[in-house]
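In what follows, a single structure is set out as structure tokens and then discussed.
Nothing in this text is a laboratory measurement; each read-out follows from the coordinates by a stated rule. Every value quoted in this text rests on a predicted model; they were computed, and no experiment measured them. Backbone-built Cβ (ideal geometry, glycine too); neighbour counts: all protein chains shown.
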């Protein structure tokens, strides 16, 4: 079986994906567990990392779109969609947006990227195993952002 059609992600992809969750989980917990004076630093670090990962995920979709034909409207749409989440993440951290608004924007961007992942698999731009990897990672990222958001609202 060709690796592109494998049902499970490569082990290294799992390990690296899980390692990439560490800043999300620690940042979300840090909002609740660190002293009040440290929370802005923890929150800034979490949102900066989220913006970097949105850019990384957008770049993946840019690369996936390049696998398609140049005149294939579906691949071109994937290419266009690849830049929206990173731009929203950048705007959320660059223009002094209130954190109570920035966190839900990040959350929506990560969910939208997962939906783009599913679309890329349907278009056969991404490997069949990609949603198996991205689903749990997106779930942990989303839960981490929700925990952080609740921490901002109620901690």
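Being part of a helix (DSSP H, G or I) and in contact with a helix residue (DSSP H, G or I) (Cβ under 9 Å, 6 or more places away or on another chain) is a property that residue 128 lacks.
Any residue at all in the range 68-83 that's surrounded by fewer than 18 Cβ atoms within 10 Å (Cβ to Cβ), within 24 Å of residue 50 (Cβ to Cβ) and under 14 Å from the mean Cα position of the chain (by Cα)? For the range 68-83, residues surrounded by fewer than 18 Cβ atoms within 10 Å (Cβ to Cβ), within 24 Å of residue 50 (Cβ to Cβ) and under 14 Å from the mean Cα position of the chain (by Cα): present. Contact map, the range 15-37: first residue touching a residue at least 12 places away in the same chain (Cβ under 8 Å), second residue outside any helix (DSSP H, G or I), Cβ cut-off under 7 Å, separation 6 or more or different chains; pairs are 31/155; 32/155. Annotation note: of 65, 120, the sole residue that is more than 23 Å from residue 142 (Cα to Cα) and surrounded by 15 or more Cβ atoms within 10 Å (Cβ to Cβ) is 65. Regarding the range 137-148, can at least one residue be identified that is in contact with a helix residue (DSSP H, G or I) (Cβ under 7 Å, 6 or more places away or on another chain), more than 21 Å from residue 29 (Cα to Cα), touching a residue at least 24 places away in the same chain (Cβ under 8 Å) and in a helix (DSSP H, G or I)? Looking for residues that are in contact with a helix residue (DSSP H, G or I) (Cβ under 7 Å, 6 or more places away or on another chain), more than 21 Å from residue 29 (Cα to Cα), touching a residue at least 24 places away in the same chain (Cβ under 8 Å) and in a helix (DSSP H, G or I), one finds none in the range 137-148, hence no. Being in contact with a helix residue (DSSP H, G or I) (Cβ under 9 Å, 6 or more places away or on another chain) and closer than 28 Å to residue 154 by Cα holds for only one residue in 58, 96, 68, 30, and it is 30.
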